[in-house]
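Below: the structure, in structure tokens.
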Amino acid sequence: METLRILFLGDVCGAFGVKALCAHLPALRRETGAELVVVNAENAAPSNGITKAVAEELFFAGADVLTGGNHSFRKKESYEFLDSEPRVLRPANFPATAPGVGYGIYPCANYRVLVLNLMGNAFLDPTQNIFECADAVLAREAGAYDFAVCDLHAEATAEKGAFARDFDGRFAAIVGTHTHIPTADAQILPGGSAFVTDLGMCGPEVSVLGVRVQDSITRFRTRLPVYYAEGEGDALIQGVFVRVDPKTGKALEIRQILNRYPA
């Protein structure tokens, strides 16, 4: 049976994460045979956000689509770039006046893959309801794509799970991002959607979510503003590998990627 292979990688954390991913993504793509690589890059630039220079590095290393989240607009100098680069997404449920686009339809082998980026409604800035936004996008683009996948950048695990169950069968894969912690629930739901609550991160092992350990401790102990430096140690590259039957839009396999590379 003909299948398509997709690699989803979790939040890239700063210069450390960019360097690590650029060093190891080419081999990882070859090993998995991935025909589409989707990477969450909303934390890839220094002090969060995304820049043209960082995006170009990730594209050169083998990423095909970069998704975003609550930090997508952190760099004002990137707004024009977001408007001009359709391979860099920001959440689709932000107002239409925001820079950039929230989804795209990309060629993958002989098929058309719709990649949707959403930001959760629970515990994050107010945005359009994710359920209504996804309904609208899928209805608007009906017939223009062969199957769809979604990066749901969200805080609440229950929100991610509810969304995945509601849209089971309408997306080939629904992957959660944002928490930087890989969850142990990678599965194929009854309707055929591959799902994991959170992909994890691409960043330093000796850290708290990519941040230097002492900086995070100081922030929680004092509640005072702290400059977050990057962590250190070995590199973690985390995500999932998904095989899809493009004729049905159903997932056939989901496998976690939990790789550690010496510094």
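Against the test of being touching a Pro at 6+ places or on another chain (Cβ under 7 Å) and either modelled with pLDDT of 95 or more or basic (Lys, Arg) (or both), the options Leu82, Leu58, Leu89, Leu138 yield a single qualifying residue, Leu82. In segment 33-41 there is no residue matching the filter, namely being part of a helix (DSSP H, G or I) and either in contact with a Lys or Arg (Cβ under 8 Å, 6 or more places away or on another chain) or small (Gly, Ala, Ser) (or both). Of all residue pairs spaced 6 or more apart or on separate chains, those with beta-carbon atoms under 9 Å, a first member in segment 49-69 that is among the acidic types (Asp, Glu) and a second member that is modelled with pLDDT under 95 are Asp64/Cys108.
To keep it simple, each residue is scored yes or no on (1) part of a strand (DSSP E or B); (2) at pLDDT 95 or above.
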{"position": "Asp198", "(1), (2)": "no, yes"}
{"position": "Val206", "(1), (2)": "yes, yes"}
{"position": "Ile217", "(1), (2)": "no, yes"}
{"position": "Pro225", "(1), (2)": "no, no"}
{"position": "Ala235", "(1), (2)": "yes, yes"}
{"position": "Glu253", "(1), (2)": "yes, yes"}
{"position": "Ile257", "(1), (2)": "yes, yes"}
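For segment 53-75, does any single residue satisfy the condition of being basic (Lys, Arg), part of a helix (DSSP H, G or I) and either surrounded by 22 or more Cβ atoms within 10 Å (Cβ to Cβ) or more than 16 Å from the chain's Cα centre (by Cα) (or both)? No: segment 53-75 contains no residue that is basic (Lys, Arg), part of a helix (DSSP H, G or I) and either surrounded by 22 or more Cβ atoms within 10 Å (Cβ to Cβ) or more than 16 Å from the chain's Cα centre (by Cα) (or both).
Taken over segment 187-196, the criterion of being assigned to a strand (DSSP E or B) and more than 16 Å from the chain's Cα centre (by Cα) is satisfied by Gln187, Ile188. Among residues of segment 18-41 that are touching a residue at least 12 places away in the same chain (Cβ under 8 Å), those with a Cβ under 8 angstrom from a residue that is among the polar types (S, T, N, Q), sequence gap 6+ or separate chain, pair up as His24/Asn259; Leu28/Asn259; Val38/Thr67; Val39/Thr67; Asn40/Thr67; Asn40/Thr177; Ala41/Thr67. Restricting segment 136-179 to residues that are assigned to a strand (DSSP E or B) and touching a helix residue (DSSP H, G or I) at 6+ places or on another chain (Cβ under 6 Å) leaves a set whose member that is farthest from Leu116 (Cα to Cα) is Gly176.
The values are calculated or read from the model by the stated rules, or taken from the named source; none is laboratory data. Bear in mind that the values here come from a model prediction, so they are computed numbers and not experimental data. Positions of Cβ are generated from backbone atoms using ideal geometry, with glycine treated the same way; all protein chains shown enter the neighbour counts.
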